[in-house]
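The values are calculated or read from the model by the stated rules, or taken from the named source; none is laboratory data. It should be emphasised that the depicted structure is a prediction, and the values quoted were computed from it without experimental measurement. Counting neighbours? That spans all protein chains shown, and the Cβs are built from the backbone with ideal geometry, glycine included.
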Amino acid sequence: MPILTPEAPAVPAVPRARNSRLKDLYAEIQRRNPGESEFHQAVHEVLVSLAPVLERHPEFAEPGLIERLTEPERQIIFRVPWQDDSGTTHVNRGFRVEFNSALGPYKGGLRFHPSVDLGVVKFLGFEQIFKNALTGLGIGGGKGGSDFAPRGRSDAEVMRFCQSFMTELHRHLGEHTDVPAGDIGVGGREIGYLFGQYRRITNRWESGVLTGKGTAWGGSAVRTQATGYGNVLFAARMLEARGTSFEGSRVSVSGSGNVALHSIAKARELGAQVITASDSGGYVLDEKGIDLPLLQQIKETERGRISDYAQRRGAAARYVPNGSVWDVPVDVALPSATQNELDATAAVTLVRNGVRAVSEGANMPATPEAVRMLHQAGVAFGPGKAANAGGVAVSALEMRQNAGRETWPFAEVEKRLADLMHGIHDTCAGTAEAYGSPGNYALGANIAGFERVTAAMLAQGVV
Ligand code: NDP
Ligand code: 2IT
């Protein structure tokens with residue numbers, strides 16, 4: 001982990017005392033949370049942005065404030081026993097980290113993936129605090145999940161797992177308390193099973209307790225598309241600020257899940273040629289442009305793999321097992337799979353190949369070294385906590401519809417999403433500029449999110 005210097009070279013110098021306090025704080029966070037490398041990384045990325053804020057706003061330097069911000073309000077870890085179709089019992093571990101509720105009920109997704117552990121959930125929950133603050137929609141930060149691997153499991157097995165998971169988690173949730181949604185491995189099917197079990201146990205139709213529900217039973221239009229659409233809208237605004245656009249550009253997308261599929265759709269709508277998609281097995285390069293209906297059929301209906309897509313597409317596509325999708329020369333790259341999937345080597349390759357913008361659909365997909373290189377090369381970089389906020393923003397709109405027993409039309413939610421993404425872009429850009437680092441969206445997102453949440457924490461006293 002590099003020392004605490006800001007990611008971009010243009011950040012004004014700050015007095016040594018503030019920097020050394022942040023360094024001490026970071027060392028203490030590492031000591032108190034051993035082995036949680038992703039959490040350390042997420043905290044570090046924020047702390048490196050804060051020295052100029054503490055200088056300008058001494059109230060935010062109040063002892064204990066950043067210590068509270070980096071310590072979850074509550075961490076829940078529980079056993080999730082379930083039986084597979086052959087009757088064999090499995091035991092997974094469930095997590096919910098309720099990180100910060102200064103701005104509203106804890107809000108954030110659930111991830112089901114074998115790599116999930118406490119450090120991963122804490123990194124995601126920490127990111128979520130800032131992301132949710134940037135939406136301005138009155139939602140706190142939280143995240144949860146399990147080391148359960150849904151891939152290859154039958155619907156019945158996934159249902160039993162979700163029911164067992166919710167049997168424990170339900171006591172911690174509530175529309176005014178904690179409101180989960182989807183993330184990796186948790187989509188519409190899982191939210192349905194989770195909601196069904198919550199309703200059964202509590203005997204309440206409490207639609208606002210989960211978001212990402214089916215539109216026939218309380219879900220919002222556009223929630224499924226919102227993260228991918230939102231990331232492309234954010235990237236489009238970054239390109240516009242540089243006098244360019246998606247029109248006629250070559251775009252690479254990683255992943256082939258919820259965020260990737262809807263990023264591809266929106267980028268195409270804006271005139272781009274999207275030429276890649278991937279999964280943990282490899283990537284496909286489709287020079288004619290990804291055939292979205294075919295990819296959706298394979299991923300959403302058949303729950304298949306990218307290798308199946310390449311096979312069905314025939315000569316038009318080239319499948320590269322275990323390859324790096326970032327080797328493909330593009331104008332815009334949209335990492336949409338998982339954390340740390342775009343490292344320094346990938347960033348160098350992208351820059352050499354002339355990339356103009358990188359916008360994070362996933363959470364923390366670019367490593368700190370990659371981010372630094374992109375900044376130094378003058379590439380427009382959209383940090384996940386701003387660029388992928390469209391998903392949770394439409395989740396907050398789903399909560400509003402549920403509270404008012406309303407159903408808003410697709411076009412209305414889509415318009416609100418576009419306005420929200422433009423607002424988040426402009427907040428990040430304006431904050432970066434105000435702190436002497438124009439164009440550094442990562443700095444702008446960290447500072448704007450930090451100011452909003454810590455102002456609320458200060459007003460609410462030491463809790
Ligand atoms: P999905 O489960 O729908 O898709 C995940 C995709 O990423 C799959 O293609 C998967 O491939 C790939 N992937 C996952 N883990 C790895 C890995 N370790 N290495 C390589 N590929 C991997 O998830 P989402 O699309 O919902 O989420 C993608 C990212 O976007 C995550 O970082 C998530 O936190 C973030 N995000 C999601 C939001 C949402 O609304 N869903 C909102 C904001 C951010 P495979 O099948 O091989 O595992
Ligand atoms: O990372 C994220 O923002 C999400 N997975 C969506 C969270 C939500 O509550 O909609």
Selected residue (only one of Asn92, Asn100, Asn132 is buried (at least 24 other Cβ atoms within 10 Å of the Cβ), under 21 Å from His172 (Cα atoms) and away from ligand 2 (no atom under 13 Å from the Cβ)) = Asn100
Tell me, please, whether a residue that is closer than 29 Å to Ala366 by Cβ, in contact (Cβ under 8 Å) with a residue 40 or more places away in the chain, touching a helix residue (DSSP H, G or I) at 6+ places or on another chain (Cβ under 9 Å) and part of a strand (DSSP E or B) can be found in segment 53-76.
-> yes
Could you grab me the full set of residues in segment 159-183 that are out of contact with any helix residue (DSSP H, G or I) (no Cβ under 9 Å at 6 or more places or on another chain) and not charged (D, E, K, R)?
-> His172
In segment 125-143, anything in contact with a strand residue (DSSP E or B) (Cβ under 7 Å, 6 or more places away or on another chain) and within 12 Å of ligand 1 (Cβ to nearest atom) is listed as Gly125, Gln128, Asn132, Lys143
Using beta carbons and a limit of 7 Å, which pairs, at least six apart or on different chains, have the first residue in segment 122-133 and over 8 Å from Lys385 (Cβ atoms) and the second one assigned to a helix (DSSP H, G or I) and within 13 Å of ligand 1 (Cβ to nearest atom)?
-> Phe123/Glu38; Phe123/Ala42; Phe126/Ala42; Asn132/Val392
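Okay, residues lined up against (1) in contact (Cβ under 8 Å) with a residue 12 or more places away in the chain; (2) touching a His at 6+ places or on another chain (Cβ under 6 Å); (3) of a type outside the set (Lys, Arg); (4) closer than 24 Å to Arg242 by Cβ:
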site: Asp343; (1), (2), (3), (4): yes, no, yes, no
site: Glu360; (1), (2), (3), (4): yes, no, yes, yes
site: Val379; (1), (2), (3), (4): yes, no, yes, yes
site: Lys385; (1), (2), (3), (4): yes, no, no, yes
site: Ala389; (1), (2), (3), (4): yes, no, yes, yes
site: Leu397; (1), (2), (3), (4): yes, no, yes, no
site: Ala411; (1), (2), (3), (4): no, no, yes, no
site: Thr427; (1), (2), (3), (4): yes, no, yes, yes
So Lys415, is it within 16 Å of ligand 1 (Cβ to nearest atom), of a type outside the set (A, V, I, L, M, F, W, C) and either at pLDDT 95 or above or on the phi > 0 side of the Ramachandran plot (or both) = no
Which of the residues spanning segment 113-140 are assigned to a loop (DSSP other than H, G, I, E, B), closer than 20 Å to Thr454 by Cβ and out of contact with any Lys or Arg (no Cβ under 7 Å at 6 or more places or on another chain)?
-> Gly136, Leu137, Gly138
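This table checks each residue for (1) within 13 Å of ligand 1 (Cβ to nearest atom); (2) in a helix (DSSP H, G or I).
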position	(1), (2)
Pro180	yes, no
Gln197	no, yes
Ala260	yes, yes
Gly271	no, no
One residue from Gly282, Gly187 being within 15 Å of ligand 1 (Cβ to nearest atom), in contact with a Pro (Cβ under 6 Å, 6 or more places away or on another chain) and closer than 27 Å to His113 by Cα | Gly282
Just one of Glu360, Glu398 is among the charged types (D, E, K, R), within 16 Å of ligand 1 (Cβ to nearest atom), out of contact with any strand residue (DSSP E or B) (no Cβ under 8 Å at 6 or more places or on another chain) and under 30 Å from Thr177 (Cβ atoms); which is it?
-> Glu398
Out of all the residues in segment 175-186, is one or more more than 30 Å from Ile424 (Cα to Cα), among the acidic types (Asp, Glu) and more than 21 Å from the chain's Cα centre (by Cα)?
-> no
Report those strands (runs of 3 or more DSSP E) wholly inside segment 315-389 carrying at least 1 residues which are touching a helix residue (DSSP H, G or I) at 6+ places or on another chain (Cβ under 9 Å) and closer than 22 Å to Cys428 by Cα.
-> 332-334, 357-359, 380-382
Please specify each residue of segment 86-115 satisfying the condition of being touching a strand residue (DSSP E or B) at 6+ places or on another chain (Cβ under 6 Å), β-branched (Val, Ile, Thr) and farther than 22 Å from Val46 by Cα.
-> Thr89, Val91
Glu127: of a type in the set (Asp, Glu) and surrounded by 24 or more Cβ atoms within 10 Å (Cβ to Cβ), yes or no?
-> yes
For segment 221-274, name all the residues that are buried (at least 24 other Cβ atoms within 10 Å of the Cβ) and on the phi > 0 side of the Ramachandran plot.
-> Val222, Gly255
Would you please name the residue that is farthest from the chain's Cα centre (by Cα), looking only at residues in segment 26-81 that are among the β-branched types (Val, Ile, Thr) and under 20 Å from Met457 (Cβ atoms)?
-> Val53
Residue count for segment 147-200, restricted to those that are surrounded by fewer than 20 Cβ atoms within 10 Å (Cβ to Cβ), under 22 Å from Gly125 (Cα atoms) and within 16 Å of ligand 2 (Cβ to nearest atom) = 7
Here are Thr407, Thr345: which of them is of a type in the set (Val, Ile, Thr), within 27 Å of Asp279 (Cβ to Cβ) and surrounded by fewer than 22 Cβ atoms within 10 Å (Cβ to Cβ)?
-> Thr345
